[in-house]
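Peer 1: Below is a structure I'd like to ask you about.
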Amino acid sequence: MGSRTRILDAAMLVFRRHGFRRSSIEQAAEAAGLTRQALYHHFKSKEALFRAVIERLHEEALAAEIAAAAAAEKARGSLADILVASVSAKLGQLAASLDGSPHVEELFSEHLLQARDLYQKYATAYAEQLAATITRVCRKQGLVLNAGMTPRELARCVEMAVNGTKSAYPAMQPAGAFLKDLEIMLRTLVAGAIRPVKKPRAAKPKPAKKSISRKPGDRR
């Protein structure tokens, strides 16, 4: 395990235990088995350390989303199955990282204060990943989006569904109930957003004209 990974693991434990405001560089250094000066060699401040922890959380969540989408596609899931799997994996990864901390709401709040640029960066990355998944699955499964909706717009609607569910579970806890209600929202959304591509009807063959046989002596 490299020094940076060890420091981030230790810092995550400290932030979970004490929250952002009551945590210190000294606590993180002690948890990592380093001196304060050794930790400062890697991170110049508590804020920089917190940002690095947040960035790693987002990278892990994005990787979980991609892997879950690929697995659901391989299992031949529907578009709803695939979106539920990928979004749930992303959010489940984030929730699990903070599970058990009494400071979840503070950490989410400080996330936006200390690392708003990272929040925006990864919000864009999540949206692009989701839109790419929707595009790919619709093409493979012969689906079209209703009312002129684009994959990016459906991805945006999915994000709004996530935010709507978060309003009932501000810290995404309890995770099981949050993810269950989110799944209901996503499946309802997808059901109203897609339809199969209509295949053109095959033209009915025209009946063959009956030939009239004439007997000898018949007038033409």
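Peer 1: I'd like to verify a number: residues in region 31-86 that are hydroxyl-bearing (S, T, Y) and assigned to a loop (DSSP other than H, G, I, E, B), how many?
Peer 2: 3
Peer 1: Out of the residues in region 31-53 meeting the condition of being within 19 Å of Q114 (Cα to Cα) and among the basic types (K, R), tell me which one is surrounded by the fewest Cβ atoms within 10 Å (Cβ to Cβ).
Peer 2: The selected residue is K44.
Peer 1: Separate question: Could you tell me which of the residues T135, T150, T124 is under 15 Å from the mean Cα position of the chain (by Cα), over 27 Å from L112 (Cα atoms) and either open to solvent by 30 Å² or more (accessible area, probe 1.4 Å) or of a type in the set (F, W, Y) (or both)?
Peer 2: Criteria check complete, one pass: T135.
Peer 1: Within region 80-127, can you find the residues that are of a type in the set (A, V, I, L, M, F, W, C) and closer than 18 Å to F20 by Cβ?
Peer 2: First, the residues of region 80-127 that are of a type in the set (A, V, I, L, M, F, W, C): 80, 82-85, 87, 89, 91, 94-96, 98, 104, 107-108, 112-113, 115, 118, 123, 125, 127.
Matches in region 80-127: L94, A95, L98, V104, L107, F108, L112, L113, A115, L118.
Peer 1: Additional query: What pairs can you find where one residue is in region 1-30 and acidic (D, E) and part of a helix (DSSP H, G or I), the other is surrounded by fewer than 16 Cβ atoms within 10 Å (Cβ to Cβ) and at pLDDT below 95, and their Cβ atoms are less than 9 Å apart, with a gap of 6+ or different chains?
Peer 2: D9/M1; E26/R36; E30/R36
Peer 1: Let me ask you something else. State the number of residues belonging to region 24-56 that are more than 15 Å from V14 (Cα to Cα) and of a type in the set (A, V, I, L, M, F, W, C). Let's see the steps before the verdict.
Peer 2: As a first pass, look at region 24-56 and keep what is more than 15 Å from V14 (Cα to Cα): 35, 37-38, 40-44, 55-56.
Pick out the ones that are also of a type in the set (A, V, I, L, M, F, W, C) and you get 38, 43.
Residues flagged as more than 15 Å from V14 (Cα to Cα) and of a type in the set (A, V, I, L, M, F, W, C) within region 24-56 amount to 2.
Peer 1: Starting from residues that are surrounded by 15 or more Cβ atoms within 10 Å (Cβ to Cβ) and of a type in the set (G, A, S), keep the ones in region 1-25 and report whichever is nearest to S109 (Cα to Cα).
Peer 2: Looking at residues that are surrounded by 15 or more Cβ atoms within 10 Å (Cβ to Cβ) and of a type in the set (G, A, S), I get G19.
Peer 1: Any chance region 58-73 includes a residue that's in contact with an Asp or Glu (Cβ under 6 Å, 6 or more places away or on another chain) and open to solvent by less than 20 Å² (accessible area, probe 1.4 Å)?
Peer 2: yes
Here's the yes/no breakdown for (1) closer than 18 Å to L62 by Cβ; (2) outside any helix (DSSP H, G or I):
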{"site": "A123", "(1), (2)": "yes, no"}
{"site": "A127", "(1), (2)": "yes, no"}
{"site": "A131", "(1), (2)": "yes, no"}
{"site": "R136", "(1), (2)": "yes, no"}
{"site": "R139", "(1), (2)": "no, no"}
{"site": "V144", "(1), (2)": "no, yes"}
{"site": "L154", "(1), (2)": "no, no"}
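For every residue, the table says whether it meets (1) at pLDDT 95 or above; (2) under 26 Å from A193 (Cα atoms).
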{"position": "A67", "(1), (2)": "yes, yes"}
{"position": "I82", "(1), (2)": "yes, yes"}
{"position": "L94", "(1), (2)": "no, no"}
{"position": "P102", "(1), (2)": "no, no"}
{"position": "E105", "(1), (2)": "no, no"}
{"position": "F108", "(1), (2)": "no, no"}
{"position": "Q114", "(1), (2)": "no, no"}
{"position": "K121", "(1), (2)": "yes, no"}
{"position": "L130", "(1), (2)": "yes, yes"}
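Peer 1: Related question: So, A28, is that one at pLDDT 95 or above and open to solvent by less than 40 Å² (accessible area, probe 1.4 Å) or not? Explain how you work it out, then say what you get.
Peer 2: Numbers: at pLDDT 95 or above: yes; open to solvent by less than 40 Å² (accessible area, probe 1.4 Å): yes.
In short, yes.
Peer 1: Could I ask something else about it? Restricting attention to region 83-100, which residues are of a type in the set (A, V, I, L, M, F, W, C) and touching a residue at least 60 places away in the same chain (Cβ under 8 Å)?
Peer 2: Initial filter on region 83-100 (of a type in the set (A, V, I, L, M, F, W, C)): 83-85, 87, 89, 91, 94-96, 98.
Residues satisfying the conditions are L83, V84, V87, L91, L94, A95, A96, L98.
Peer 1: Please work out which one of (1) over 16 Å from V87 (Cα atoms); (2) open to solvent by less than 60 Å² (accessible area, probe 1.4 Å); (3) part of a loop (DSSP other than H, G, I, E, B) is the condition L118 fails and give its number.
Peer 2: Failing condition for L118: (3).
The values are calculated or read from the model by the stated rules, or taken from the named source; none is laboratory data. Note that the structure is a prediction, hence the values are computed from the model and not measured. Positions of Cβ are backbone-derived with ideal geometry, glycine not excepted, and every protein chain shown enters the neighbour counts. Heads up: the accessible areas ignore ligands, DNA and RNA and are worked out on the full protein's heavy atoms, side chains in. Shrake-Rupley method; radii C 1.70, N 1.55, O 1.52, S 1.80 Å.
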